[in-house]
Amino acid sequence: LLIHSDQHRWDCLGLSGHPLVRTPSLDALAAGGATFTHAFCPVPLCTPTRCSLLTGAWPAAHGVITNFDTPAFAPLRDLPTYSSLLRAAGYFTAYVGKWHVDPQRDPRQFGFDHYTPEGQYARWRAEQGVPPRPRAARWFGETDAAARPEQSRLAWGADRTIDLIGCAAAAGRAFCIRWDPTEPHLPNVVPEPYASMYPPEAISPWPSSAERFEGKPFIQAQQLRTWQIDRWTWRDWAPLVGRYLGEVSLMDAQIGRVLSALDRAGLAETTLVVYTSDHGDMCGSHRMIDKHFVMYDDV
């Protein structure tokens, strides 16, 4: 069972010593296994890192050095993937959630038997009578006032993953199930009570929040101007960080449901569970947002 989130900072976990964020499920998973404290992504971008995870190759070897929605994108070279090797060895292989490896070929072309794309969530949400996720604040996030936690995209992905665990258990087959939630990638559109779980006034600034960009590459300060956040203070940043932490806690709760399903199926002792993320998020540290062209440990 591989749970591979998007844009989760390494230090936004209880086990990493964050003073506020609550992640009991991931903390318990780490306590019963190994924590890799010096693991780094090859490139702090979704598509190159995801291709490296799939192939075990550096971006210079697999050929993908940008996200696939940029003009410079070149598709993944023809290399073996861990999923194709597992399928050849008799494993049932399944993929749920965000793909972001290739715009033309989906996971089934890379060794997965089953694929549930995250795009199906919008239709499911409409069938539940819940309005679409709000985007009034664009990339800066907001409260998802219309949805309950169990109607969130994270809960939907956990439900699909739980279903697949049940199917694999019933069939008695060795399996490799992978769940890739988009969260906690911005925009953090979070239902209550998670949207308000970490009040802005309770969140201390990152140690690097007084960044002045002296002696730093031009592109770092330019990022603030591009996003029109160059005049932001911590008062502006704290609500965004609070929603980010809230979404991390919501994700942790849904991961807990998946791990409980593994227990109920009697598979916990015979299943390797891995949690990781493709890269981190500046999230206001060094006054920056998102990731891309900086190489701080935050990303």
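When Lys and Arg each count +1 and Asp and Glu each count -1, what net charge do the other residues less than 14 Å away from Ile289, Cβ to Cβ, add up to?
Every neighbour counted, the sum reads +1.
When the solvent-accessible surface of protein heavy atoms is calculated with a 1.4 angstrom probe, in what order do Ile65, Ile229 fall, highest first?
In descending accessible area the options line up as Ile65, Ile229.
Longest span of the chain, sites excluded, free of trypsin sites (Lys or Arg not before Pro) in DSSP loop with at most 13 other C-beta atoms within 10 Å?
It works out to 1-76.
Got a sec? Charge dipole of region 234-299, +1 on Cβ for Lys and Arg, -1 for Asp and Glu; which of Ala268, Met288, Trp234 is way out at the positive end?
Farthest along the dipole direction, towards plus: Trp234.
Kirkwood hydrodynamic radius, computed over distinct alpha-carbon pairs, for the chain: how many Å, to one decimal?
When all Cα pairs of the chain are included, the Kirkwood radius is 20.1 Å.
Using a 1.4 Å probe, how large is the accessible area of Ser277, given in Å² and rounded to the nearest 10?
Its accessible surface works out to 30 Å², give or take rounding.
Quick one: how many Å² of Val273 are accessible to a 1.4 Å probe, rounded to 10?
Solvent-accessible area, nearest 10 Å²: 40 Å².
Between the helical axis of 46-55 and the dominant principal axis of the chain, each derived from Cα atoms, what acute angle in degrees is found, rounded to the nearest 10?
It works out to around 30 degrees.
Counting only protein chains, not ligands or nucleic acids, how are His4, His292 ordered by accessible area (probe 1.4 Å), most first?
Heavy-atom accessible area, descending, gives His292, His4.
For a label point 7 Å from the Cα of Thr226 along Cα→C-beta, name the residues of region 135-171 whose backbone N is under 17 Å from it.
Zone members listed by number: 139-140.
Please identify which residues in region 26-44 have an amide N closer than 16 Å to a label point set 7 Å out from the Cα of Asp263, following the Cα→Cβ vector.
The answer is 26-33, whose backbone nitrogens lie closer than 16 Å to the label point.
Just subtract the alpha-carbon distance of Leu79 and Leu15 from 0.36 nm times their residue separation and send over the number in nm, one decimal.
Between Leu79 and Leu15, full extension yields 19.5 nm more.
The values are calculated or read from the model by the stated rules, or taken from the named source; none is laboratory data. As the structure is a computational prediction, the values presented were derived from the model and not from experiment. Every residue, glycine as well, gets a Cβ built from its backbone with ideal geometry; the counts of neighbours run over all protein chains shown. These area figures cover heavy atoms from the full protein model, side chains too; ligands, DNA and RNA do not enter into them. Shrake-Rupley method; radii C 1.70, N 1.55, O 1.52, S 1.80 Å.
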